[in-house]
Amino acid sequence: MNLANKITSIRIALVPIVTSFLYIEFSYSEFVAAALFILAASTDTIDGYYARKRNEVTKFGKFIDPLADKLLVIATLIALVELGKVAAWIAIVIISREVIITGFRAIAASDGIVIAAGSWGKAKTTVQIIAIVAIILENFPFRLVSFPFDSIAIYVAVLITIYSGIDYLKDNFQLLNNKS
């Protein structure tokens, strides 16, 4: 296993640790959970950097990297729903988009087509991560000035999630019409 894939594997291993810290209550526990989430999310950039720098892009990496991102976001969202910090409908919209696009990518892959993440997909991931961190931190430091950054960020994440899904399908829908 190359370095990039090991880093991706660390992201997957961090998923249960991040979600566990969402449930543990102690002084500054939300900061620990947020720091672990940020660490896990940042491995996406790091593994991609090493895969390209070392020319070690693999089929396994192309498969596991986006899956690791989805596991991190989905598991964290589900935990936040259970904790009453995120409305279930928000998680449903975000998770549904991920399942639809993952299924679509699987169909394309069965025809030997790899569809890279587009700019809206990358923006979606970035905004989702920012929103999730704001929610984990219970809107700190914005709560000090009564600014609902966490609420605004999650609604923006939902809008970009929906738009990026529609954009992805629009750009690639012709692949479903191919005969196999």
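The table for this structure:
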{"item": "Number of positions in the stretch 126-154 that are in contact (Cβ under 8 Å) with a residue 60 or more places away in the chain and at negative phi", "result": "7"}
{"item": "Residues being surrounded by 13 or more Cβ atoms within 10 Å (Cβ to Cβ) and either touching a residue at least 60 places away in the same chain (Cβ under 8 Å) or of a type in the set (D, E, K, R) (or both) - total across the stretch 54-70", "result": "6"}
{"item": "Verdict on A4 being at pLDDT 95 or above and aliphatic (A, V, I, L, M)", "result": "no"}
{"item": "Qualifying residue in the stretch 37-50 (condition: assigned to a helix (DSSP H, G or I) and over 19 Å from the mean Cα position of the chain (by Cα))", "result": "yes"}
{"item": "First in the stretch 162-180 and at pLDDT 90 or above, second anywhere and among the aliphatic types (A, V, I, L, M) and not in a helix (DSSP H, G or I), Cβ under 9 Å, 6 or more apart", "result": "Y168/I115; Y168/A117"}
{"item": "Output for the stretch 12-31, where each listed residue is crowded, with 17+ Cβ neighbours inside 10 Å and either without any contact (Cβ under 8 Å) to a residue 24 or more places away in the chain or not in a helix (DSSP H, G or I) (or both)", "result": "F21"}
{"item": "Given (1) touching a helix residue (DSSP H, G or I) at 6+ places or on another chain (Cβ under 9 Å); (2) assigned to a helix (DSSP H, G or I), number of the condition N139 does not satisfy", "result": "(2)"}
{"item": "Any hit, the stretch 85-104, residues being out of contact with any strand residue (DSSP E or B) (no Cβ under 8 Å at 6 or more places or on another chain), without any contact (Cβ under 8 Å) to a residue 12 or more places away in the chain, closer than 18 Å to T19 by Cα and not β-branched (V, I, T)", "result": "yes"}
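The values are calculated or read from the model by the stated rules, or taken from the named source; none is laboratory data. The model shown is predicted, which means the values in this text are computed figures rather than measured ones. Note: ideal-geometry Cβ built from the backbone for every residue, glycine included; neighbour counts use all protein chains shown.
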